[in-house]
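Data first, discussion second: the structure below is written as structure tokens.
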Amino acid sequence: MKNTVYIKAYCAITNTKMVCNDEVLCEENELDYKSFLKSIYKNYCEVSYPKFFKMDEASKLAFLTAEVLLKNTSMTENEKEDLAIILSNKSASLNTDRDYQNSIQDKNNFYPSPAIFVYTLPNIGIGEICIRHKSYGENAFYITEKFDANLLSTYAQTLLNTNKTNNVLCGWVEVEKGKCSSFFYLLSNTEGELYSEKNINEIYQSI
Amino acid sequence: MINVYATYNTIISSLGFSTSENVQNILEGKSGIELQKDTKLSDVPFYASIIQDEKLNQAFSAINTTSEKYTKLEKMMILSLHKTIQASGEKLDDKTGLIISSTKGNIEALDKESPFLEEKAYLTSLGETIQHFFSLKTTPIIVSNACVSGVLAIAVAKRFLQAKKYDKIFVVSGDVLTKFVLSGFNSFKAISEAPCKPFDKNRTGITLGEAACSMLIKTKENKEGVEIIGEASCNDANHISGPSRTGEGLYRSIKKATQEAGEKLKKLDYISAHGTATLFNDEMESIAFHRAALSNVPVNSYKGYYGHTLGSSGLLESILGIESMKRSVLFPSIGFETSGTSYALNVIRENTHKDISAFIKTASGFGGCNTAVIFKK
């Protein structure tokens with residue numbers, strides 16, 4: 001038997017704005033997305049987290065979206081410990097892969113760096129969120145042509161319905177060719193707005 | 001809860017182009033790892049397990065005549081999947097799913113010298129190519145979760161089947177050896193100068209490899225099938241590139257997979273470990289297995305035969321574990337001589353006859369990810 005699933009909170013970041021739970025938290029038209037992400041870190045992260053500056057752009061985006069979402073919802077330490085994180089995008093880590101490829105393209109200018117190489121995987125951002133929030137839950141990273149609520153939510157529901165967790169952080173996190181976009185939502189089997197695919201797609205379209 | 005079974009499968013690797021050929025070579029103690037002198041991949045010779053282009057093209061030409069359109073990875077994955085579909089005799093209808101697992105896909109398409117368009121570097125392009133080749137009606141689900149991808153894909157298939165989204169799912173995995181990955185692991189000083197020695201005292205790092213594997217996972221039992229009775233994936237929440245010193249995520253994955261298996265699991269008779277042969281990974285695994293009270297269970301790593309095949313390794317090593325279980329033979333962990341982890345493990349040294357009722361496959365990867373899946377005869 002299927003349990004009821006709720007949307008407990010959501011957060012989205014684009015090149016120019018950040019929206020959380022129907023509220024536009026900030027808008028910025030002057031900055032490029034890298035500077036915009038730094039300003040979000042400065043203004044919306046309550047903790048000092050120097051590791052942030054070592055991350056690639058996709059991990060920074062994932063980290064910040066999770067940070068702001070979790071700040072704007074209630075969750076116990078136990079719930080955070082079991083939080084499942086299921087993310088997706090189209091380009092995997094190609095934005096950072098291209099940087100790494102440039103470092104090995106030329107035989108006479110060959111400088112592969114472990115600090116870049118480690119970010120040439122799409123799931124590293126999930127790892128960064130898990131470290132920050134002490135989450136030991138289920139992880140998966142999917143590659144889809146565009147945001148696919150059906151895939152993410154079907155998978156999230158298999159975790160919720162089998163009691164593997166009570167909370168799943170789902171979403172989309174993409175950084176490519178000078179653009180960033182994220183949309184994370186927290187699905188829960190305890191409280192929030194009743195989930196439907198139509199609901200979540202409407203929220204996604206409205207951002 | 002619906003029962004889910006792992007059935008027909010195919011391994012394409014340096015040790016053969018069918019599962020039975022691979023198992024035969026393992027029984028004979030052969031490793032696919034050889035000294036490679038391809039200067040396009042590295043200025044200095046290095047050890048790796050590589051599929052010969054000539055052999056692959058020949059096998060591929062039997063199913064398709066436009067070989068030049070496809071990358072090596074695509075040919076490997078298509079060939080593997082083709083064989084599994086053929087063996088199963090199943091029709092690809094609108095309740096047939098396809099899960100694709102790859103860590104780096106066609107990453108070499110980013111190289112300026114690649115004959116292929118950069119577009120091929122997108123995993124979605126790899127998905128489309130495979131979907132079109134087989135005229136599959138459903139959009140493939142692509143999993144890319146570092147080195148646990150292959151075994152995670154099995155867990156994902158089980159869940160989607162239990163959610164009744166599909167009646168049957170083909171899982172196909174693949175990764176190839178590239179300058180990208182080789183230089184990356186080299187920059188970490190993680191590549192072994194000799195063929196890798198998982199769990200051994202003198203292990204010095206990874207040997208890389210390439211493989212494509214496929215498996216049909218379904219809800220109906222047949223004589224080919226073994227049941228998938230539990231799975232879990234837990235994060236270390238510790239470090240993005242270094243394994244946890246307490247084996248936290250792996251320990252939790254094992255514990256949760258075992259809990260899900262419940263009464264179906266009488267005893268774990270064998271562990272197909274990750275065993276990359278880096279100092280820290282193998283040490284971490286020994287700690288996690290010790291914490292899970294599994295130190296005495298026979299364990300091996302297949303990395304000594306195939307090297308680390310990244311997103312394919314989890315599926316490859318699950319198939320070999322299933323073969324081990326079906327044949328009641330434990331395969332040795334080649335490269336292992338002297339115990340070299342804080343907690344001694346029961347590493348398999350030679351082909352050993354043993355009735356295996358159930359085994360666990362584990363994997364761990366960058367990003368702190370870990371996955372465990374339990375199979376039962």
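We did not get these values from a lab; they are worked out from the coordinates using the rules stated. Worth saying up front: this structure is predicted, and the values here are computed from it rather than measured. Every residue, glycine among them, receives a Cβ derived from its backbone with ideal geometry; neighbour counts consider all protein chains shown.
Within 10 Å of each Cβ in B:160-170, how many Cβ atoms from other chains are there, averaged over the peptide? It would help to have the intermediate numbers written out before the result.
Numbers: counts 4, 1, 3, 7, 1, 5, 0, 0, 0, 0, 0.
If you average over the peptide's residues, the count of other-chain Cβ atoms is 2.
Would you mind checking B:LYS30/B:LYS83; A:LYS51/A:LYS198; B:LYS83/B:LYS164; B:LYS267/B:LYS326 for any pair whose Cα atoms are more than 28 angstrom apart?
Details: B:LYS30/B:LYS83 23 Å; A:LYS51/A:LYS198 37 Å; B:LYS83/B:LYS164 26 Å; B:LYS267/B:LYS326 16 Å.
Distance filter (> 28 Å) returns A:LYS51/A:LYS198.
Just in the stretch A:104-164: which GluC sites (Glu not before Pro) are loop by DSSP and have at most 16 other Cβ atoms within 10 Å?
Working: sites: A:GLU128, A:GLU138, A:GLU145; in loops: A:GLU138, A:GLU145.
In loop regions of the stretch A:104-164 (DSSP not H, G, I, E or B), the sparsely surrounded GluC sites (Glu not before Pro) are A:GLU145.
For the stretch B:6-128, calculate the relative contact order in percent as a whole number, restricting contacts to Cα pairs under 8 Å that are 6 or more residues apart. Don't skip to the answer; put the middle values down first.
On the way: 105 pairs, mean separation 22.2, N = 123.
Once normalised by length, the contact order is 18 percent.
Extent of chain B along each principal axis, from alpha carbon coordinates, in Å, largest to smallest?
Here the Cα extents, ordered largest to smallest, are 52, 51, 40 Å.
Average projected area of the Cα convex hull of chain A, in nm²?
Details: hull surface 47.5 nm².
Orientation-averaged projected area of the Cα hull: 11.9 nm².
For the stretch B:5-218, what is Rg from Cα atoms divided by 2.2 N^0.38 Å, rounded to two decimals? Could the numbers behind the result be given before it?
Working: Rg = 17.4 Å, N = 214, 2.2 N^0.38 = 16.9 Å.
This ratio for the stretch B:5-218 stands at 1.03.
So which trypsin sites (Lys or Arg not before Pro) in the stretch B:20-71 are both in a DSSP loop and have at most 10 other Cβ atoms within 10 Å of their Cβ?
Details: sites: B:LYS30, B:LYS37, B:LYS40, B:LYS55, B:LYS69; in loops: B:LYS30, B:LYS37, B:LYS40.
For trypsin sites (Lys or Arg not before Pro) across the stretch B:20-71 that sit outside H, G, I, E and B with at most 10 neighbouring Cβ atoms in 10 Å, the list reads B:LYS37, B:LYS40.
What GluC sites (Glu not before Pro) in the stretch B:9-48 are in a loop by DSSP, with at most 16 other Cβ atoms within 10 Å of the Cβ? Let's see the in-between values first.
Working: sites: B:GLU21, B:GLU28, B:GLU34; in loops: B:GLU28.
Hits after loop and neighbour filter: B:GLU28.
What residues qualify as long-range amide H neighbours of A:LEU83, i.e. H under 5 Å apart, gap of 5 or more or another chain, H built at 1.01 Å from N?
Under 5 Å from the amide H of A:LEU83 lie the amide H atoms of A:TYR136, A:GLY137, each far enough along the sequence or on another chain.
For the pair A:GLU79 and B:LYS112, how long in nm is the line joining their label points, each one 7 Å along Cα→Cβ?
5.2 nm
Hey, any idea what Rg/Rh is for the stretch B:228-376, computing Rh the Kirkwood way over Cα pairs? Working shown, then result.
Numbers: Rg = 13.8 Å, Rh = 15.0 Å.
Computed over Cα atoms, the ratio is 0.92.
Picking from A:ASN72, A:SER153, A:ALA115, whose Cα lies most toward the positive end of the charge dipole for chain A (charges on Cβ: Lys, Arg +1; Asp, Glu -1)?
Among A:ASN72, A:SER153, A:ALA115, the one farthest towards the positive end of the dipole of chain A is A:ALA115.
Quick check on the exposure proxy: order B:HIS353, B:HIS290 from fewest to most C-beta atoms within 10 angstrom. Please list the in-between numbers first.
On the way: B:HIS353 8, B:HIS290 18.
In order of increasing Cβ crowding within 10 Å: B:HIS353, B:HIS290.
For the residues B:THR219, B:THR309, B:THR258, A:THR165, what sequence is obtained by ranking on other C-beta atoms within 10 Å, fewest first?
Numbers: B:THR219 16, B:THR309 31, B:THR258 19, A:THR165 22.
In order of increasing Cβ crowding within 10 Å: B:THR219, B:THR258, A:THR165, B:THR309.
I'd like the distance between the alpha-carbon centres of the stretch A:144-169 and the stretch B:42-121, rounded to an integer number of Å.
Cα centroid of the stretch A:144-169 versus Cα centroid of the stretch B:42-121: 29 Å apart.
Determine the calculated [θ] at 222 nm for chain B from helices alone, applying -39500 (n - 2.57) to every DSSP H run no shorter than 4 residues and normalising by the residue count; nearest 500 deg cm²/dmol. Present the calculation step by step, with values, prior to reporting the outcome.
Numbers: 10 runs with 115 residues, N = 377.
Value at 222 nm, helices only: -9500 deg cm²/dmol.
Run the quick spin-label model on A:LYS179 and A:TYR44: label points 7 Å from Cα toward the beta carbon, then report their separation in nm to one decimal.
2.0 nm
With N denoting the number of residues in the stretch B:157-204, provide Rg(C-alpha) divided by 2.2 N^0.38 Å, to two decimal places.
Details: Rg = 18.5 Å, N = 48, 2.2 N^0.38 = 9.6 Å.
Cα Rg divided by the expected 2.2 N^0.38 Å: 1.93.
Mind telling me which of B:TYR70, B:TYR251, B:TYR306 comes out most flexible in a GNM of chain B, alpha-carbon contacts under 10 Å?
Top of the fluctuation ranking is B:TYR70.
Is there a quick way to get the dipole size of the protein assembly as shown? I mean about its Cα centre, with the Cβ of Lys and Arg at +1 and of Asp and Glu at -1; what is the value in debye to the nearest 20?
Details: 64 positive and 67 negative charges, 239 e Å.
Computed about the Cα centre, the dipole is about 1140 debye.
Tell me, what is the FRET efficiency for B:LEU92 and A:GLU23 to the nearest 0.05, using R0 = 45 angstrom and their Cβ-Cβ distance as r? Intermediate values should be presented prior to the final figure.
Numbers: r = 46 Å, r/R0 = 1.03.
Once rounded, the FRET efficiency stands at 0.45.
Select from B:VAL151, B:SER42, B:PHE180 the residue farthest towards the positive end of the dipole of chain B; place +1 on Cβ of Lys and Arg, -1 on Cβ of Asp and Glu, and compute about the Cα centre.
Going by the Cα projections, it comes out as B:VAL151.
At 1.002 mPa s and 20 °C, plugging the Kirkwood radius over alpha-carbon pairs of the stretch B:105-173 into Stokes-Einstein gives what diffusion coefficient in µm²/s?
Translational diffusion coefficient: 159 µm²/s.
Amide H neighbours of B:VAL4 under 5 Å, at least 5 residues apart or on other chains, H built in the peptide plane: list them.
Those lying under 5 Å, H to H, from B:VAL4 are B:ILE228.
With just the Cα atoms defining each centre, how far is the stretch B:150-185 from the stretch A:61-114? Give it in Å.
Spelled out, the Cα-based centre of one part sits 20 Å from the other.
How large is the helix-only mean residue ellipticity at 222 nm for chain A, computed as the sum of -39500 (n - 2.57) over DSSP H runs with n ≥ 4, divided by its residue count, in deg cm²/dmol to the nearest 500?
Numbers: 8 runs with 81 residues, N = 207.
The helix contribution divided over chain A gives -11500 deg cm²/dmol.
What's the average, rounded to a whole number, of partner chain beta-carbon atoms within 10 Å of each residue's beta-carbon in B:253-265? If you can, show how the numbers build up before the last one.
Details: counts 2, 0, 0, 4, 0, 0, 1, 3, 0, 0, 0, 0, 0.
Across the residues of B:253-265, the mean count of other-chain Cβ atoms within 10 Å is 1.
Note down, for the stretch A:90-207, the three equivalent ellipsoid semi-axes (square root of 5 times each alpha carbon gyration tensor eigenvalue), biggest first, whole angstrom. Can you show the working numbers first?
Numbers: eigenvalues 215, 58, 22 Å².
Semi-axes (√(5λ), whole Å): 33, 17, 11.
Taking a threshold of 21 Å on the Cα-Cα distance, which of the pairs A:LYS164/B:LYS158; A:LYS134/A:LYS179; A:LYS60/A:LYS179 fall above it? Walk me through the intermediate numbers first.
Numbers: A:LYS164/B:LYS158 14 Å; A:LYS134/A:LYS179 29 Å; A:LYS60/A:LYS179 13 Å.
From A:LYS164/B:LYS158; A:LYS134/A:LYS179; A:LYS60/A:LYS179, over 21 Å: A:LYS134/A:LYS179.
Report the relative contact order of chain B, percent, no decimals, based on alpha-carbon pairs under 8 angstrom and at least 6 residues apart.
Numbers: 946 pairs, mean separation 87.5, N = 377.
Normalised by residue count, the contact order of chain B is 23 percent.
Compute, for the stretch B:5-218, the length of the dipole vector about the Cα centre, with Cβ point charges of +1 (Lys, Arg) and -1 (Asp, Glu) only. Units Debye, rounded to 20. Working shown, then result.
Values: 25 positive and 23 negative charges, 157 e Å.
Computed charge dipole of the stretch B:5-218: roughly 760 debye.
For chain B, set up a GNM with springs between Cα atoms under 10 Å and report which of B:PHE199, B:PHE366, B:PHE170 has the largest fluctuation.
Sorting by GNM fluctuation, first place goes to B:PHE366.
Any of A:LYS107/B:LYS303; A:LYS38/A:LYS71; A:LYS54/A:LYS107; A:LYS8/A:LYS90; A:LYS90/B:LYS256 with alpha carbons more than 28 Å apart? Name them for me. Can you show the working numbers first?
On the way: A:LYS107/B:LYS303 30 Å; A:LYS38/A:LYS71 17 Å; A:LYS54/A:LYS107 26 Å; A:LYS8/A:LYS90 25 Å; A:LYS90/B:LYS256 31 Å.
Violating the 28 Å limit, Cα to Cα: A:LYS107/B:LYS303; A:LYS90/B:LYS256.
Please compute, for peptide B:357-367, the average count of beta-carbon atoms on other protein chains lying within 10 Å of each residue's beta-carbon. Spell out each step's value before the answer.
Details: counts 0, 0, 0, 0, 0, 0, 0, 0, 3, 8, 15.
That works out to 2 on average.
May I ask you to evaluate 6.51 cos²θ - 1.76 cosθ + 1.60, the Karplus curve with θ = phi - 60°, for each residue of the stretch B:206-215 and list the ³J(HN,Hα) values in order in whole Hz, giving x for glycine and proline?
7, 10, 8, x, 9, 6, 10, 9, 8, 8
Out of B:VAL171, B:VAL347, B:VAL44, any idea which swings most in a Gaussian network model of chain B, alpha carbons joined below 10 Å?
B:VAL44
Arranged from highest to lowest average of other beta-carbon atoms within 10 Å per residue, in what order do the peptides A:176-183, B:259-266, B:191-198, B:238-245 appear? Show your work: numbers first, answer last.
Values: A:176-183: 16.8, B:259-266: 13.8, B:191-198: 22.1, B:238-245: 19.5.
Ranking, from highest mean packing down: B:191-198, B:238-245, A:176-183, B:259-266.
Calculate, in nm to one decimal, what B:THR352 and B:SER339 gain on full extension: separation in residues at 0.36 nm each, minus their alpha carbon distance. Could the numbers behind the result be given before it?
Values: separation 13, 0.36 × 13 = 4.68 nm, distance 1.88 nm.
Length difference between fully extended and current span is 2.8 nm.
Fewest first, what order do A:THR190, B:THR178, B:THR338 take by the number of other Cβ atoms within 10 Å? Intermediate values should be presented prior to the final figure.
Working: A:THR190 13, B:THR178 22, B:THR338 10.
The fewest-first ordering by Cβ neighbours comes to B:THR338, A:THR190, B:THR178.
So if I place +1 on the C-beta of Lys and Arg and -1 on the C-beta of Asp and Glu, and nothing else carries charge, what would the dipole magnitude of the stretch B:179-285 be about its Cα centre? I want it in debye, nearest 20.
Working: 15 positive and 15 negative charges, 4 e Å.
In debye, rounded to 20, the stretch B:179-285 gives about 20.
Rg/Rh for the protein assembly as shown: what does it come to with C-alpha atoms and Rh from Kirkwood? Present the calculation step by step, with values, prior to reporting the outcome.
Values: Rg = 22.3 Å, Rh = 23.7 Å.
Computed over Cα atoms, the ratio is 0.94.
Run the simple label-point estimate for B:LYS55 and B:SER20 please: 7 Å along Cα→C-beta, distance reported in nm.
Those two pseudo-labels are separated by 1.8 nm.
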